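Data block below; observations after.
The values are calculated or read from the model by the stated rules, or taken from the named source; none is laboratory data. All values derive from a computational prediction rather than experimental measurement. Using ideal geometry, Cβ is built from the backbone for each residue, glycine included, and neighbour counts are taken over all protein chains shown.
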């Protein structure tokens, strides 16, 4: 086993030990410092972020985006082949299911006019299924989970054209319990997936030559 792998396992073991004590002090700590610390860390992240003059919910494709997606698919697929036997494959992301619930997704009648687009155009209630899951790609015991919760919402009876023939009447929405996503963009996600494939995901965040420590702190908060 390489020095990096041994170091990673040692750090991960310390993290698992901390999880045993977390429930005893974390609620009080969050109440005191979570919001101000999250604001400070987000401020520091924004200082390093290039202002692309994008509007709310506006996306800007990058020239290497397809190559990045291909790389992510390759590394995720390799991880699944390495860790799961045929017939027992798990999801490469949002792996661990905590629960699936049935409910209604209600578009309120007091929604501001500027937001009334697509499914939000008309006040109504959509039947919905909601899946709460862990981040993945592993599926550890709850006490050893990193605590990030993903939320997948599948709306039913949604009119209009769809990309997939077998999803003609549905629409999927995704959410996450942290203020930011684990990685800031698709280029950085390539690095995280590569590190996960090598069994070194913690080193994605604490690599001294390409640090993502602020993103790690934000996710931890």
(message) Can you report the number of residues in segment 62-71 which are assigned to a loop (DSSP other than H, G, I, E, B) and farther than 17 Å from residue 183 by Cβ?
(response) 1
(request) Looking only at segment 73-109, count how many residues are over 28 Å from residue 128 (Cβ atoms) and touching a helix residue (DSSP H, G or I) at 6+ places or on another chain (Cβ under 6 Å). (result) 3
(request) May I ask you to list the residues in segment 89-117 that are surrounded by fewer than 12 Cβ atoms within 10 Å (Cβ to Cβ) and touching a residue at least 12 places away in the same chain (Cβ under 8 Å)? (result) 99, 101, 102, 104, 106, 108, 109
(message) Anything in segment 165-182 that is modelled with pLDDT of 90 or more and surrounded by 18 or more Cβ atoms within 10 Å (Cβ to Cβ)? List them, or say none.
(response) 171
(message) Suppose we keep only residues that are closer than 13 Å to residue 196 by Cβ and in a loop (DSSP other than H, G, I, E, B) within segment 72-94. Which one would you say is nearest to the chain's Cα centre (by Cα)?
(response) 93
(request) Please tell me if residue 57 is out of contact with any helix residue (DSSP H, G or I) (no Cβ under 7 Å at 6 or more places or on another chain), free of Cβ contacts under 8 Å to residues at least 60 places away in the same chain and in a helix (DSSP H, G or I). (result) no
